[in-house]
Ligand SMILES: [Zn+2]
């Protein structure tokens with residue numbers, strides 16, 4: 001009996017650690033400011049997977065995925081990254097993989113970790129594209145984001161400046177480069193203004209940005225409209241993706257991101273709806289049961305805050 005319970009305890013500990021791995025390893029690539037070394041998800045499509053934790057000095061602010069497509073006639077990078085130095089480190093990795101030049105950078109939204117590294121790509125003369133609402137969000141909130149990153153990253157923030165996209169679009173931008181057709185799509189309101197999904201229809205892989213999460217709990221910001229996120233999700237499903245490189249966490253598939261993004265948002269909205277129905281207050285809304293998602297990274301940081309935000313939105317729906 002003692003042995004069996006000991007074995008169980010050990011197994012449970014291992015399971016708990018596995019769920020937390022991305023949070024608990026401060027840096028997976030000590031030789032680089034990148035959190036981890038790029039991996040090839042499918043042929044010619046690579047991603048340096050960021051930590052699924054908040055930005056820290058140790059992870060260099062690399063807490064989202066920095067992806068790139070080696071098209072055969074140039075490289076397309078998805079995300080500027082959180083700093084000048086991160087973007088530079090990613091470029092060094094790209095150079096180890098191919099002699100093709102970087103010809104375009106796409107920003108997944110207007111958040112600091114999507115756009116602050118644009119300052120590096122500008123020095124390389126690379127055009128940078130983003131959806132117009134993302135450009136506007138960065139113009140408004142970029143200064144605050146830069147200050148926050150400077151506080152966290154200290155000397156690792158050196159060289160980082162506010163550089164927005166050089167080009168914007170509204171719904172869709174199509175790129176033909178080398179052997180790849182690349183569609184940059186705004187699929188409707190989701191996690192933050194100007195979210196884009198980068199869709200490779202021939203390969204059926206989507207670099208989803210923050211439309212889709214599966215290891216980290218989806219963050220709900222004041223500007224996140226959860227009702228519309230669920231509607232936009234239908235457009236995302238309609239792509240028919242086989243492979244997903246999410247905004248955060250390892251490459252995966254639609255079943256996983258559906259379960260941990262769409263189902264999570266719908267679950268939380270359901271819990272808050274019940275709470276409002278019963279006449280519950282905002283103070284108590286923070287503590288609605290989210291235990292089915294407690295194993296996800298950033299649960300501690302985000303779960304109660306998410307509940308409060310959903311309550312504030314649903315109160316007026
Ligand atoms: Zn993100």
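Points to keep in mind about this one:
- The stretch 105-124 residues that are within 11 Å of residue 162 (Cβ to Cβ), paired with ones that are within 16 Å of the ligand (Cβ to nearest atom) and in a loop (DSSP other than H, G, I, E, B) (beta carbon under 6 Å, 6 or more apart): 112/82; 115/80; 115/107; 116/82; 116/83; 118/80
- Filtered residue count, the stretch 288-303, keeping only those that are part of a helix (DSSP H, G or I) and surrounded by 15 or more Cβ atoms within 10 Å (Cβ to Cβ): 5
- The sole residue among 92, 108 that is within 19 Å of residue 248 (Cβ to Cβ) and either away from the ligand (no atom under 16 Å from the Cβ) or crowded, with 24+ Cβ neighbours inside 10 Å (or both) is 108.
- With respect to being closer than 22 Å to residue 24 by Cβ and surrounded by 12 or more Cβ atoms within 10 Å (Cβ to Cβ), residue 285 falls outside the description.
- Against the conditions (1) away from the ligand (no atom under 16 Å from the Cβ); (2) buried (at least 19 other Cβ atoms within 10 Å of the Cβ), residue 98 satisfies every one except (2).
- Pick from the stretch 62-87, criterion away from the ligand (no atom under 16 Å from the Cβ) and at positive phi, ranking: surrounded by the fewest Cβ atoms within 10 Å (Cβ to Cβ): 72
- Filter pass, residue 162 being touching a strand residue (DSSP E or B) at 6+ places or on another chain (Cβ under 9 Å) and more than 22 Å from residue 303 (Cβ to Cβ): no
- Qualifying strands (runs of 3 or more DSSP E) (wholly inside the stretch 194-275; at least 3 residues being within 16 Å of the ligand (Cβ to nearest atom), touching a strand residue (DSSP E or B) at 6+ places or on another chain (Cβ under 9 Å) and modelled with pLDDT of 95 or more): 205-209, 243-246
- Scanning the stretch 35-61 for residues that are outside any loop (DSSP other than H, G, I, E, B) and either on the phi > 0 side of the Ramachandran plot or surrounded by fewer than 19 Cβ atoms within 10 Å (Cβ to Cβ) (or both) yields 39, 40, 42.
- Residue 284 being assigned to a helix (DSSP H, G or I), out of contact with any strand residue (DSSP E or B) (no Cβ under 6 Å at 6 or more places or on another chain) and closer than 27 Å to residue 47 by Cα: no
- Hits in the stretch 130-153 (condition: more than 16 Å from the ligand (Cβ to nearest atom) and either in a loop (DSSP other than H, G, I, E, B) or within 20 Å of residue 48 (Cβ to Cβ) (or both)): 153
- Given (1) in contact with a helix residue (DSSP H, G or I) (Cβ under 9 Å, 6 or more places away or on another chain); (2) within 30 Å of residue 73 (Cβ to Cβ), number of the condition residue 172 does not satisfy: (1)
- Residue check, residue 221 touching a residue at least 12 places away in the same chain (Cβ under 8 Å), closer than 23 Å to residue 131 by Cα and surrounded by 21 or more Cβ atoms within 10 Å (Cβ to Cβ): no
The values are calculated or read from the model by the stated rules, or taken from the named source; none is laboratory data. In this text, all values refer to a predicted model and were calculated from it rather than measured experimentally. Cβ: placed from backbone, ideal geometry, glycine included. Neighbour counts: every protein chain shown.
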